[in-house]
Amino acid sequence: MIYLNSFNLPPIDEEEHFLNSFRRTCYDSYYPFNFFTSDKQLGRIDFSDITILCGSNGSGKSTLLNIIAEKLKLDRKTIYNKTHFFDPYLEKCRYELSVHDPLQQKSLKRLSKIITSDDVFSNIIEVRERNENLNFKRELIFNEKNNINRYGGQGPRGFNTDDPQSMKAYTDYHQKRKQSGSRYVRENVGVDERTYSNGENGFKYFTDSIQPGGLYLLDEP
């Protein structure tokens, strides 16, 4: 299924008109203006079910994906390099979707997103941090279980048999005391997320993020 039929970057004359009308000299760069002109000569892209952009470093693959994603207002997780001239540039871009019904377009954009290598790296780091936090919490719960065991059958001081709340706490204490240390920790902390290799984590992130019925821009998949 082709969701995006074509995308047009601004014509060279429109870029030149904008730059000629912009007289401020405090900017050293007007990126992304003039980025795809001159030797690149990239104007219109017609898409297939799967379209692959290939080129050397600095040829503009990521820039082009960011332009398309922002023009279509696709969901994204991480920030990207955006200059003062990005929005004026986007206003001059044009695209054609394969669906024309407004409700279908809304559904398409809700499912669609851009996924970058930064997203994958961030996910790997987040999994590691969550596991490290679980290890820290696990040590605290182990200490709590040791304190419960130390009180013995009588429980900690201060239980009042005439107080329903106190009796409930006493009952809870004995239920916790009967549990093994491992079971007590597991029920109160949870288990680590499985640790994958970087390649497996990257592949898993893509397969978890991509759902049928959407347009996906993948930067360095």
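The values are calculated or read from the model by the stated rules, or taken from the named source; none is laboratory data. Computed from a prediction, not measured in an experiment: that's the story for all the values here. All Cβ positions, even for glycine, are placed from backbone atoms using ideal geometry, and neighbour counts span all protein chains on display. Just so you know, the surface numbers come from the protein's heavy atoms only, side chains and all, with ligands and any DNA or RNA stripped out. Shrake-Rupley method; radii C 1.70, N 1.55, O 1.52, S 1.80 Å.
When the accessible area of the range 1-132 is split by element with a 1.4 Å probe, what percent falls to carbon and sulfur?
The nonpolar share, carbon plus sulfur, comes to 50 percent.
If the chain between HIS17 and ASN57 were fully stretched, how many nm would it gain, using 0.36 nm times the residue separation less the Cα-Cα distance?
11.5 nm
With label points built 7 Å along Cα→Cβ from the Cα atoms of SER48 and ILE2, find their separation and express it in nm.
The modelled label-to-label distance comes out at 1.1 nm.
Counting pairs of alpha carbon atoms under 8 Å apart in space and at least six apart in sequence, what relative contact order in percent does the range 1-89 give?
42 percent
Given a 1.4 angstrom probe, what's the average accessible area per residue across the range 38-85, in square angstrom?
66 Å²
Could you tell me which of rounded, prolate or oblate describes the range 58-126, using a ≥ b ≥ c as the square roots of the eigenvalues of the alpha-carbon gyration tensor, with rounded for a/c under 1.5 and, failing that, prolate when a/b is larger than b/c and oblate otherwise?
Note, shape of the range 58-126 comes out oblate.
Label the range 1-121 by shape, choosing from rounded, prolate and oblate, from the square roots a ≥ b ≥ c of the eigenvalues of the Cα gyration tensor; if a/c is under 1.5 it is rounded, and otherwise prolate applies when a/b is larger than b/c, oblate when it is not.
prolate
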